[in-house]
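Take a look at the structure set out below.
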Amino acid sequence: MVGGDALRQLEPALSPVFKAAVLIKGQARAVSPGRIGTALAQKALDQGAEVLRTDVSGLTRQADGTWGFATSNGAVQTKNLVIAAGVWSAALLKPLGLDVPLVAERGYTVEFPNAAISINNSVMDVDAKIVASSMSDGVRVAGSSEFSAIDAPANPRKKALLQAQAKAMFPDLDTEGTVFRMGRRPSFPDSLPVLGPVDGAQGLFTAFGHSHYGLMMAPNTDLSPFSPQRF
């Protein structure tokens, strides 16, 4: 527990209305998730992978047992195929008879590139259910969950709400140039992803449904609890 002067020293930018906090030590966080993705993609390229940017549709099993799928650049055929298309994965698998209860759990963020404050820890406002962090591109405040159709437009009221909550946490925060984003978290009812081979479909593998926990779920070893057959 941290309170009073100790809390002010720990997070000087935090509003004085916050009287106490729980400090969790030994935490790690990524200041630029996008750069992690770029680094992993480059490592794959260095090891001989090929990256094709295209729209994908129409997954089918070929007569010779391979997998084919239509793309905006033509048909592609492969012996082994990993479906890792996030919340859009379910639509690719449904024509094959694999119907999984995947939904779009949408989350919102606002990023303040000209924040004019610094945050030493990721700070959660428990009442508002938001988390503020210093990122490589500024201060980011993330929070809110909603269930909606994949292609439903973002709720513009969320931007104003998150901005107001952020200012309440950090009164000196500069909101000029706020960047507003909405992401579609691929979520299952049990909050676990589907990882592993699909029964009766040799060469087809699933790797999606990580909800909020993508980076934290990376070091799995025993994949049996995540089988796509559990549904």
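We did not get these values from a lab; they are worked out from the coordinates using the rules stated. Worth saying up front: this structure is predicted, and the values here are computed from it rather than measured. Cβ placement follows ideal geometry from the backbone for every residue including glycine, while neighbour counts extend to all protein chains displayed.
Given a Förster distance of 35 Å, report the FRET efficiency between TYR213 and ALA6 from their Cβ-Cβ distance, rounded to the nearest 0.05.
Efficiency, from the Cβ-Cβ distance: 0.65.
What is the gain in length, in nm to one decimal, between ASN120 and THR78 on full extension, counting 0.36 nm per residue of separation less the C-alpha to C-alpha distance?
Extra length from ASN120 to THR78 when fully extended: 10.4 nm.
Given H placed on each backbone N at 1.01 Å, which residues far from PHE208 in sequence or on other chains put an amide H within less than 5 Å of it?
Correct list: VAL194.
At 222 nm, what helix-only mean residue ellipticity would the chain give, in deg cm²/dmol to the nearest 500, using -39500 (n - 2.57) for each DSSP H run of four or more?
-5000 deg cm²/dmol
List PHE170, PHE18 from most exposed to least, where exposure is judged by having the fewest other Cβ atoms within 10 Å.
So the residues, fewest neighbours to most, are PHE18, PHE170.
In nm, to one decimal, how far is the SER191 label point from the PHE231 one, both placed 7 Å along Cα→Cβ?
With each label placed 7 Å out from Cα toward Cβ, I get 1.8 nm.
Sketch the reach of a paramagnetic label on VAL179 as a point 7 Å from Cα along Cα-to-Cβ, and name the residues of the stretch 86-125 whose backbone nitrogen lies under 14 Å away.
109-115
Work out from phi, with θ = phi - 60° and the Karplus expression 6.51 cos²θ - 1.76 cosθ + 1.60, the ³J(HN,Hα) of each residue of the stretch 97-109, listed in order in whole Hz, and give x for Gly and Pro.
x, 9, 9, 10, x, 8, 10, 8, 9, 7, x, 10, 9
Any chance you could check the Cα centroid distance between the stretch 73-101 and the stretch 36-66 for me, in angstrom?
Between the Cα centre of the stretch 73-101 and that of the stretch 36-66, the gap is 12 Å.
Would the stretch 103-187 count as rounded, prolate or oblate if I go by the C-alpha gyration tensor, calling it rounded below 1.5 in a/c and otherwise prolate when a/b exceeds b/c, oblate otherwise?
Prolate.
What distance in nm separates the two pseudo spin-label positions at ALA70 and VAL51, each 7 Å out from Cα along the beta-carbon direction?
Roughly 2.7 nm, to one decimal.
Just name one of PRO12, GLN165, ALA207: the one whose Cα is farthest towards the positive end of the charge dipole of the chain (beta-carbon charges, Lys/Arg +1, Asp/Glu -1).
Ranked along the dipole, the leading option is GLN165.
Order of SER211, SER15, SER72 from fewest to most other C-beta atoms within 10 Å?
Exposure proxy ranking, most exposed first: SER72, SER15, SER211.
Using 0.36 nm per residue of separation minus the Cα-Cα distance, give me the extension gain between SER148 and PHE205 in nm, one decimal.
17.9 nm
Starting at the first residue of the stretch 43-54, write each ³J(HN,Hα) from the Karplus equation 6.51 cos²θ - 1.76 cosθ + 1.60 with θ = phi - 60°, in whole Hz, x for Gly and Pro.
So the Karplus estimates, Gly and Pro as x, are 4, 4, 4, 4, 9, x, 6, 10, 10, 10, 8, 6 Hz.
Quick one: of LYS25/LYS129; LYS19/LYS167; LYS43/LYS158; LYS19/LYS129, which pairs are farther than 27 Å apart, Cα to Cα?
Distance filter (> 27 Å) returns LYS43/LYS158.
Which order results if THR221, THR178, THR54 are arranged by neighbouring Cβ count within 10 Å, fewest first?
THR221, THR54, THR178
Nearest 0.05, what FRET efficiency do LEU223 and ASP127 give at R0 = 41 Å with Cβ-Cβ as r?
Between LEU223 and ASP127 the formula returns 0.65.
Determine how many Å³ per residue the convex hull of the Cα atoms of the stretch 47-105 encloses.
Taking only Cα atoms, the stretch 47-105 has a hull volume of 113 Å³ per residue.
Once you place label points 7 Å from the Cα toward the Cβ at ARG61 and ALA41, how far apart are they in nm?
For the pair ARG61/ALA41, the computed spacing is 3.3 nm.
Run through every distinct alpha carbon pair of the chain and return the Kirkwood hydrodynamic radius in angstroms, one decimal place.
For the chain, the Kirkwood estimate is 20.4 Å.
Treating only the Cβ atoms of Lys and Arg (+1) and Asp and Glu (-1) as charged, compute the dipole magnitude of the stretch 1-141 about its Cα centre; round to the nearest 20 debye.
Computed about the Cα centre, the dipole is about 160 debye.
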